[in-house]
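Shown next, in structure tokens, is the structure this report addresses.
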Amino acid sequence: MTTNTHKKTTAIIERLQRDLLQKEHSLASARETFDAIYLDFHSTPDIKTVDDNCMGVPVTYFHPHNPHPDYLIVFMHGGGFTLGSTNGHKDFITRIATGTQITTLSIDYGLAPERVFPAAINDCLSVYQSCLTQYKPHRIFLLGMTAGGTLVLSSLLKMKQSALPLPRAAICLSPPTDLTFTHASIEANQDKDWVSKQRLLTIEQTYLATCPATDPIASPQYAALDQLPPLLIQVGTHELL
């Protein structure tokens with residue numbers, strides 16, 4: 001990691017800890033603050049965006065210049081299943097779309113506590129099924145960040161259960177794959193990451209509601225992952241998860 005990147009990462013973590021975790025927030029305020037922090041550290045995206053609706057789920061298309069025809073990336077944002085939006089991740093999505101020269105579709109899936117497990121997964125599956133009417137499955141890629149990475153894996157498992165055509169490949173960035181939150185990294189990295197134990201408890205109680213944390217669709221670590229498309233999973237050594 002370069003010095004500038006390290007400084008920027010440290011600044012983001014400190015800002016998240018100070019402005020999000022150490023203050024009392026209503027849910028609406030926490031969501032606004034979460035997006036604002038990301039947007040403050042991002043540049044202004046220069047890309048054509050189109051808002052749409054797929055099967056009742058709000059989505060946004062990010063169209064790069066001269067995209068590869070007939071290919072699509074489906075993006076699922078982060079935020080611990082209760083926060084986050086396409087708007088807060090638009091700089092990242094723009095970088096993906098322009099870097100790959102592939103049109104990228106971001107899903108604003110339903111957030112807890114208004115919509116608990118498995119509502120977000122169902123939203124992502126509905127959008128994916130809509131995409132299959134326009135794109136061949138071997139030309140679709142799934143990409144998710146943090147909670148979005150979990151939704152990628154959960155969606156793939158549901159696709160396998162339902163015998164839906166699977167996408168070409170999937171990428172998960174820092175996905176929490178075990179929502180029991182009992183793994184050793186939670187203790188080892190609690191002073192390095194911005195996520196707190198209390199935040200994890202909130203995720204488990206708010207997102208899962210009455211669903212057991214060991215449910216294989218909720219926590220893909222407990223699922224059989226055979227017959228899935230190629231997966232790239234990236235994590236950081238300082239992450240709680």
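The values are calculated or read from the model by the stated rules, or taken from the named source; none is laboratory data. Because the structure is predicted, anything quoted here is derived from the model rather than measured. All Cβ positions, even for glycine, are placed from backbone atoms using ideal geometry, and neighbour counts span all protein chains on display. Surface accessibility is based on the protein's heavy atoms, side chains included, excluding ligands, DNA and RNA. Shrake-Rupley method; radii C 1.70, N 1.55, O 1.52, S 1.80 Å.
You will find that of ASP51, ASP19, the residue that is surrounded by 14 or more Cβ atoms within 10 Å (Cβ to Cβ), among the acidic types (Asp, Glu) and either modelled with pLDDT under 80 or farther than 20 Å from ARG115 by Cα (or both) is ASP19 and no other. Just checking, does the range 186-206 include any residue being open to solvent by 10 Å² or more (accessible area, probe 1.4 Å), modelled with pLDDT of 95 or more and not in a helix (DSSP H, G or I)? No, that holds for no residue. Cβ separations smaller than 6 Å between residues 6+ apart or across chains give the following pairs from the range 188-211 residues that are among the basic types (Lys, Arg) to residues that are part of a loop (DSSP other than H, G, I, E, B) and open to solvent by 70 Å² or more (accessible area, probe 1.4 Å): LYS192/HIS238. In the range 72-165, counting only helices (runs of 4 or more DSSP H) that sit wholly within it, none holds 3 or more residues that are in contact (Cβ under 8 Å) with a residue 60 or more places away in the chain, open to solvent by 20 Å² or more (accessible area, probe 1.4 Å) and over 29 Å from PHE181 (Cα atoms). Restricting attention to the range 207-241, the residues being in contact with a Phe, Trp or Tyr (Cβ under 8 Å, 6 or more places away or on another chain) and in a helix (DSSP H, G or I) number 2. Just one of the listed residues (THR177, THR182) is open to solvent by 70 Å² or more (accessible area, probe 1.4 Å) and part of a loop (DSSP other than H, G, I, E, B), namely THR182.
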